[in-house]
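K.L.:
Structure incoming, see below.
Bear in mind that the values in this text are calculations on the coordinates, not laboratory data. Note that the structure is predicted; figures quoted are calculated from it, not measured. Cβ coordinates were reconstructed from backbone atoms using ideal geometry, including for glycine residues, and neighbour counts include every protein chain displayed.
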């Protein structure tokens, strides 16, 4: 999984987090008739660096600490806010994502954005600092939720104790539904990842299950079923269908042998490599079939690489599934 | 020649590619590269973190990349997959790139740039 390209959590959040989650609500507002001297006190007491100017519930401008400094320099401190405020107001909507605010900060080089609702009413104010704080909070929340759920999934076999615990995941596979091919194996792969299996093992399970799933789609008359049984040490994948069955299993196992029609080959499969691929990924594999009846494929993969036959002292093959 | 990892950004420049998915991490290290239209070959021989060059624009090429933990897919000769395939790649965070070059030219360009080949040489 480490190799799969991923954009960072921050990038994801910038696109997903709505502005209302990070903006300051309860905005301190001033009237246009407030004097600059009064404004200085309002900014100091509330420890803010600017405020929207509202007249009769209507937004008419923004006044900031920069405007106050200019007024001081020019000796115009008794002037009303109306005279010194900026009337160019850059607004963002509260339901837009944070990225929209970031774009406006870059585009207009302003220190704060006014946040409005659908009808244009002022609902909050947003500074760069609010965005940083909001993102950090969201990350820590997400991180905790994710950590807890991963921890729980990883320890499921320790939490639930029995003489032999196994988790069974069943997936139905529809016949000839080539477009959905891989959906079941994708879910299985994700489940193993959540359960904390080793990436190399997850990949072997995914590839063998995917090839087996494609076989059900391509060959089985009525589709079939993938049954994945997960135990603390081992994964058993069984695929079952009800026909047409394979007349010669040995022939089917030989590299390059295929009965897949041409349209399947044009889609990148059916080259007679599927079963060989499964065998390569599995610690054990068994194919049983009868022409006119059904086919059952059993795959066993050890979840801990050190438990496979390559490294075990006697080079023992895992037990055949019943 | 043919023994280094190459950033996705550089690959896109070399193949004059158009990026078809959003929010792609261009700083990603691509470890190796293979070219095939046969998905079973890809599943059998390609390694995690490698780049697939293919003419197969069916969603199965994206599923294959998912199962084999591939880094990204480049489609040859200006072929572009359908919206369904692009949406699947987006969901799985697999970058898709369309290149005007055919398989042979593109393989040559990337090989010349030193990107490690992934397919085994069978003698």
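K.L.:
How well do other chains shield peptide A:273-286, expressed as the mean number of their Cβ atoms within 10 Å of each residue Cβ?
P.N.:
Other-chain Cβ atoms within 10 Å of each residue's Cβ, averaged: 2.
K.L.:
List the relative contact order of the range A:36-97 as a percent without decimals, with contacts defined as Cα pairs under 8 Å and 6+ residues apart.
P.N.:
33 percent
K.L.:
Mind checking the full-extension length gain between residue A:263 and residue A:56? Use 0.36 nm per residue of separation minus the Cα-Cα distance, one decimal, nm.
P.N.:
So the extension gain works out to 67.4 nm.
K.L.:
For the range A:165-201 and the range B:1-55, what is the separation of their C-alpha centers, rounded to whole Å?
P.N.:
First find each Cα centre; the distance between them is then 25 Å.
K.L.:
Same structure, new question: In degrees, nearest 10, range 0 to 90: what is the angle between the Cα axis of helix A:183-194 and the longest Cα principal axis of chain A?
P.N.:
70 degrees
K.L.:
Give me a single rounded figure for B:87-93: the average over its residues of other chain Cβ atoms within 10 Å of their Cβ.
P.N.:
Neighbouring Cβ atoms belonging to other protein chains average 2 per residue here.
K.L.:
Per residue of B:32-43, how many C-beta atoms from partner chains lie within 10 Å of its own C-beta, taken as a mean?
P.N.:
For peptide B:32-43, the averaged partner shielding equals 5.
K.L.:
Further question: Rank by packing, highest mean first: peptides A:112-120, B:76-84, with packing defined as the count of other Cβ atoms within 10 Å averaged across residues.
P.N.:
Result, highest mean first: A:112-120, B:76-84.
K.L.:
By average Cβ neighbour count within 10 Å, what is the ranking of A:144-152, B:102-110 from highest down?
P.N.:
My ranking of the peptides, most packed first, is B:102-110, A:144-152.
K.L.:
Please give the contour-minus-distance gain from residue A:44 to residue A:136: 0.36 nm per residue of separation, less the Cα-Cα distance, rounded to one decimal in nm.
P.N.:
30.5 nm
K.L.:
Also, I was wondering about something else. Please arrange B:15, B:121 by how many other C-beta atoms lie within 10 Å of their C-beta, fewest to most.
P.N.:
Placing the least packed residue first, the sequence is B:121, B:15.
K.L.:
Calculate how steeply helix A:36-46 sits against the longest principal axis of the alpha-carbon atoms of chain A, using the helix alpha-carbon long axis, and give the answer as 0 to 90 degrees to the nearest 10.
P.N.:
40 degrees
K.L.:
So, R0 is 30 Å and r is the distance between the beta-carbons of residue A:37 and residue A:119; what FRET efficiency does that work out to, to 0.05?
P.N.:
0.30
K.L.:
Given Cα pairs under 8 Å that are at least 6 residues apart, what percent is the relative contact order of chain B?
P.N.:
35 percent.
K.L.:
Only helical DSSP H runs with n ≥ 4 go in: add -39500 (n - 2.57) per run for the protein assembly as shown, normalise by residue count and round the 222 nm mean residue ellipticity to 500 deg cm²/dmol. Walk me through the numbers before you get to the answer.
P.N.:
Working: 17 runs with 167 residues, N = 445.
That calculation yields -11000 deg cm²/dmol at 222 nm.
K.L.:
Output the peptides A:11-24, A:202-215 sorted from most to least packed, where packing is the average of other Cβ atoms within 10 Å over each peptide's residues.
P.N.:
Packing order, densest peptide first, comes out as A:202-215, A:11-24.
K.L.:
Which residues among the range A:121-165 fall inside the zone where the amide N is under 14 Å from a point 7 Å beyond the Cα of residue A:16, along Cα→Cβ?
P.N.:
The answer is A:135-147.
K.L.:
Distance in nm between label sites at residue A:69 and residue A:251, each 7 Å beyond Cα in the beta-carbon direction?
P.N.:
Going by the 7 Å Cα→Cβ label model, 8.7 nm.
K.L.:
For residue A:96 and residue A:108, compute 0.36 nm times the residue count separating them, minus their Cα-Cα distance, and round to one decimal in nm.
P.N.:
Between residue A:96 and residue A:108, full extension yields 2.6 nm more.
K.L.:
Mean separation of Cα pairs under 8 Å and 6+ residues apart, divided by the residue count of the range A:81-143: what relative contact order is that in percent?
P.N.:
Contact order relative to length: 26 percent.
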